[in-house]
C-alpha cells in the first residue's frame with residue numbers, strides 16, 4: 001500500500017511529536033474521550049485537544065461528539081491507518097512513556113468496569129423493568145424476530161445476555177444457544193429465566209464480548225441487544241460479533257438512535273449516547289458483513305428514546321464460487 005510523498009510527509013509531521021505519538025498509541029487500543037486522554041497523559045485538556053486537532057487535520061484520527069462528550073479514535077481510512085500502525089510497530093513496546101500510558105489506560109478501563117459491575121449488581125433484578133422505561137419492549141421483540149427471520153437456527157449466540165431475554169425470545173427457534181455476559185448476577189438471573197422457560201438447550205457462560213474465544217463462523221444468528229452503549233470500544237465488539245457469523249448467517253444489533261439524555265451516562269453507566277446508521281454500517285462492512293436492513297422503533301413517551309435494529313449478513317458462496325448475499 002503506497003501513498004503520495006506529500007501525504008507521507010504530513011503524516012510523519014503530525015505523528016512526529018512525543019505527545020501525539022503517545023495519543024496514537026492509546027487510540028490504537030480503542031476510542032477515548034478527551035478527559036480520559038488528559039488523565040492518562042497527565043496534561044491539560046486544552047493541550048491534549050490541540051494535539052488531537054492536529055492529528056484529525058492530518059487524517060490520523062477521527063473526532064466524534066457524543067452528547068456533552070467528545071470521543072476520538074484512529075482513522076478508518078486504510079492508508080493513513082496502516083501508516084500509523086506501521087509507525088507504532090517500530091516503537092519499542094518497553095518504551096517507558098508508552099508503558100506508563102498503557103498502565104494508566106488499564107487503570108481507567110478497570111475503574112470503568114468496576115463502576116459498570118457495581119451498577120449491574122445493584123440493578124440486575126430490575127433490569128427488564130428499567131429497560132422498558134423508554135420503549136415498548138413487545139414492539140422491539142417483534143421487530144427483532146422480523147429482522148432475524150423465521151429460523152430455525154442451528155446455533156444462536158447472545159452477546160451480553162443480561163437477564164436472558166434474548167435467549168428466551170430466540171431460544172425456541174434455535175437447536176443450541178449460548179449466552180455470554182461478564183456479570184455473574186446477570187448470568188444467575190438468565191439461568192433462572194431460561195430454566196423457567198424450559199430452554200434446556202441454552203447455555204450461559206461468563207465471557208467477554210471483546211474476546212469470546214469462540215470459533216469463527218460459529219453461529220447462524222448472533223444477537224447484540226442493548227449492549228454497545230455501555231462499551232469502551234463498540235467497533236471492536238461489532239467486529240468480534242461479526243467474526244462469529246457463519247456464511248449465510250445474520251448479526252442483529254439493537255441499540256439507541258443518537259440522543260442527548262446525559263443522565264443515562266451519569267446515572268446508568270451509558271458510555272455512548274446512541275449510534276448513527278453510518279457508524280453501524282461502516283463497522284459491519286469493515287467486519288465483512290453487509291447491512292441487510294434496519295427497523296426504527298419510536299419511544300412510547302415524548303421524552304423517551306428511539307431504538308434502532310440493524311441486521312447484517314455474511315455472503316453465502318454460490319456454486320460458481322462467487323458470493324451471493326443472505327436473503328434480506
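The values are calculated or read from the model by the stated rules, or taken from the named source; none is laboratory data. Nothing here was measured: the structure is a model prediction, and the numbers come from that model. Cβ sites come from the backbone with ideal geometry, for glycine too, and all protein chains shown count toward neighbours.
Side notes on the structure shown:
- For residue 274, the conditions (1) crowded, with 18+ Cβ neighbours inside 10 Å; (2) assigned to a helix (DSSP H, G or I); (3) touching a residue at least 40 places away in the same chain (Cβ under 8 Å) are fulfilled apart from (2).
- Residue within the range 215-227 that is within 8 Å of the chain's Cα centre (by Cα) and touching a residue at least 24 places away in the same chain (Cβ under 8 Å) present: yes
- The residues listed here are 260, 250, 205; of these, the one that is buried (at least 18 other Cβ atoms within 10 Å of the Cβ), on the phi < 0 side of the Ramachandran plot and outside the structural domain of residue 73 (by TED's automatic domain parsing) is 250.
- Considering the conditions (1) out of contact with any strand residue (DSSP E or B) (no Cβ under 8 Å at 6 or more places or on another chain); (2) in a helix (DSSP H, G or I); (3) closer than 21 Å to residue 163 by Cβ, residue 236 is excluded by exactly one of them, (3).
- Residue under evaluation residue 149, criteria (1) at pLDDT 85 or above; (2) on the phi < 0 side of the Ramachandran plot, criterion not met: (2)
- Restricting attention to the range 184-204 and to residues that are outside any helix (DSSP H, G or I) and within 14 Å of residue 170 (Cα to Cα), the residue that is modelled with the lowest pLDDT turns out to be 200.
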